[in-house]
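Student: I'd like to ask you about the structure that follows.
The values are calculated or read from the model by the stated rules, or taken from the named source; none is laboratory data. Given the structure is predicted, the values throughout are model-derived calculations rather than measurements. Neighbour counts run over all protein chains shown; Cβ positions are idealised from the backbone, glycine included. Accessible surface is based on the protein model in full, side chains and every heavy atom, while ligands, DNA and RNA are left aside. Shrake-Rupley method; radii C 1.70, N 1.55, O 1.52, S 1.80 Å.
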Amino acid sequence: AVVSTQSTGGKTIDIRPKERLESEILIEDFMVRANEVVANHVEKNNLSFIYRVHDKPDIERIINLKNVIKTLKINAKIPENPKPKEFSKAVEKIKESRFDDFMKIMMLRTMSKAEYSPSNIGHFGLASKSYSHFTSPIRRYPDLIAHRMIKEYFFLYNKNKSSHFGELLPAVSERSSIAEQKAVQLERKVADIKKAEFYENFLGKKFKGTIVSVMKFGFFVEFPNKVGGLVHISSLMSGRYKLSKNGYSLTDGKKVYTIGDEVNVIITSVSKKEGKIDLVISEFH
């Protein structure tokens, strides 16, 4: 999730979820439509192009989501090989029962990663048959390449350059996808450092959060402002906890911690260098 940070003198003084206003949503919709129109037009002319593609979720991720829904007792059916509209209908059904931040995270984890490609396989997440990144050439290289190709094809009338671009695009697409993932990872690391920096001021304080991931070594809890930390299994002092067979709960036979549960935790330690926050269930502190 995207968070907005405010800082003064290099220190983080506030963290809050980013608000999406109606104007921003409207502009984003315009941009999506523009990206679709461009991709459709180039494809109809049978010219080489760089597409923004998003494959359908693999069966393993769909099964995982179905198990989460079953664990939370949500009445919604998701086909193991869904079409975009079928998946969208399932999401709407889930919203009727529960669609908090936890469920949004589960949905995002189910989806495949979008990437750049000279081969158009469509964009599953947007239910789009043809999609490109065209609207931001000043900040994204694939958009700049798209503008260059459009200029050659439709303004300079050099459609014969399609074969030239076709030779370059596989490497350009791969490098752009790799660079994008590196940028995303770096952004997350910096954000984690700033989040940890902020919560250095709250050692020993109690917070309410939601369990968003369960591992054999503990579980991760996320606060309403999208910041979270780890409750290590060693801090659960009421018994010997084991991961359930479905991988969604930790239990000692009496007490159960399941993904989606709300819990009260206390911050016990913070590492700004590693961008990590350690938590303990408040009743065990």
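Student: Across the stretch 68-78, in residue order, what do the Karplus-derived ³J(HN,Hα) couplings come to in whole Hz, using 6.51 cos²θ - 1.76 cosθ + 1.60 with θ = phi - 60° and x for Gly and Pro?
Tutor: Those phi angles translate into 5, 4, 5, 4, 8, 6, 9, 8, 8, 10, 10 Hz.
Student: How many percent of the alpha carbon pairs in the stretch 4-88 exceed a separation of 23 Å?
Tutor: Of the Cα pairs, 61 percent sit more than 23 Å apart.
Student: Sequence gap at least 6, Cα distance under 8 Å: using those rules, report the relative contact order of the chain to the nearest whole percent.
Tutor: Relative contact order here is 18 percent.
Student: Looking only at the stretch 212-240, which residues have a backbone nitrogen under 12 Å from a spot 7 Å from the Cα of Phe202 in the C-beta direction?
Tutor: Counting only backbone N, you get 222-229.
Student: Binning every alpha carbon pair distance of the stretch 221-285 at 5 Å from zero, what are the percents per bin?
Tutor: Pair shares across the bins are 4, 16, 26, 26, 17, 10, 2, 0.
Student: I would also like to ask the following. Per-residue HN-Hα couplings for the stretch 178-186, Karplus 6.51 cos²θ - 1.76 cosθ + 1.60 at θ = phi - 60°, whole Hz, x for Gly and Pro?
Tutor: 5, 5, 4, 5, 5, 5, 5, 4, 5
Student: Still on this model: Once amide H atoms are built 1.01 Å from N in the peptide plane, which residues 5 or more positions from Arg16, or in another chain, come under 5 Å H to H?
Tutor: Answer set, sorted by chain and number: Ser4.
Student: Counting Lys and Arg as +1 and Asp and Glu as -1, each charge on the Cβ, what is the dipole of the stretch 109-254 about the Cα centre in debye, to the nearest 20?
Tutor: Charge dipole of the stretch 109-254: 460 debye, to the nearest 20.
Student: Across the stretch 12-25, in residue order, what do the Karplus-derived ³J(HN,Hα) couplings come to in whole Hz, using 6.51 cos²θ - 1.76 cosθ + 1.60 with θ = phi - 60° and x for Gly and Pro?
Tutor: 6, 10, 7, 9, 8, x, 6, 8, 10, 7, 4, 5, 5, 4
Student: Sorted by average packing, counted as other Cβ atoms within 10 angstrom per residue and highest first, what order do 55-65, 142-152 take?
Tutor: 142-152, 55-65
Student: Same structure again: Which far-off residues, 5 or more places away or on another chain, put their amide H under 5 Å from the one on Gly228, with H placed in the peptide plane?
Tutor: Amide H to amide H, under 5 Å and 5 or more residues apart or across chains, Gly228 pairs with Phe223.
Student: Using amide H atoms built in the peptide plane, which far-off residues or other-chain residues are under 5 Å from Gly218 H to H?
Tutor: Those lying under 5 Å, H to H, from Gly218 are Ile233.
Student: Explain nothing, just the number: dipole magnitude of the chain about its Cα centre with +1 on each Lys and Arg Cβ and -1 on each Asp and Glu Cβ, in debye rounded to the nearest 20.
Tutor: Result for the chain is approximately 460 debye, rounded to the nearest 20.
Student: Additional query: Per residue, what accessible area does the chain have, given a 1.4 Å probe and all protein chains present, in Å²? Show your work: numbers first, answer last.
Tutor: Working: 17260 Å² over 285 residues.
I get 61 Å² per residue for the chain.
Student: Normalised by the number of residues in the stretch 87-204, what is the relative contact order in percent for Cα pairs under 8 Å and 6+ residues apart? Walk me through the intermediate numbers first.
Tutor: Numbers: 52 pairs, mean separation 23.2, N = 118.
Computed value for the stretch 87-204: 20 percent relative contact order.
Student: Roughly speaking, to the nearest percent, how much of the stretch 73-182's 1.4 Å accessible area is carbon and sulfur?
Tutor: C and S fraction of accessible area: 54 percent.
Student: Distance between Cα centroids, the stretch 136-175 to the stretch 27-78: provide it in whole Å.
Tutor: Here the answer is 23 Å between Cα centres.
Student: Using a 1.4 Å probe, how large is the accessible area of Glu96, given in Å² and rounded to the nearest 10?
Tutor: Spelled out: Glu96, probe radius 1.4 Å, area about 140 Å².
Student: Give a quick list of trypsin sites (Lys or Arg not before Pro) in the stretch 247-285 that DSSP marks as loop, anything other than H, G, I, E or B, with at most 14 other Cβ atoms within 10 Å. Spell out each step's value before the answer.
Tutor: Details: sites: Lys254, Lys255, Lys272, Lys273, Lys276; in loops: Lys254, Lys255, Lys272, Lys273.
In loop regions of the stretch 247-285 (DSSP not H, G, I, E or B), the sparsely surrounded trypsin sites (Lys or Arg not before Pro) are Lys254, Lys255, Lys273.
Student: Kindly report, to the nearest 10 Å², the accessible surface of Ile121 as traced by a 1.4 Å probe over protein heavy atoms only.
Tutor: Ile121 has an accessible surface of roughly 110 Å² with all protein chains in place.
Student: Projected onto the charge dipole of the chain (+1 at Lys/Arg Cβ, -1 at Asp/Glu Cβ, origin at the Cα centre), which of Leu65, Val256, Ser173 gives the Cα projection farthest towards the positive end?
Tutor: Result: Val256, furthest along the dipole toward the positive end.
Student: A further question on this structure: Starting from the alpha-carbon convex hull of the chain, give the projected area averaged over all orientations, in nm².
Tutor: If you wrap the Cα atoms of the chain in a convex hull and average its projections, you get 17.8 nm².
Student: Taking 7 Å along the Cα-to-C-beta vector as the label spot, tell me the Arg175-Lys159 distance in nanometres, rounded to one decimal.
Tutor: Result for the modelled spin labels: 2.9 nm.
Student: State, to one decimal in nm, how far the label point of Gln185 lies from the label point of Ile121, with both points 7 Å from Cα in the Cβ direction.
Tutor: Rounded to a tenth, the inter-label distance reads 2.1 nm.
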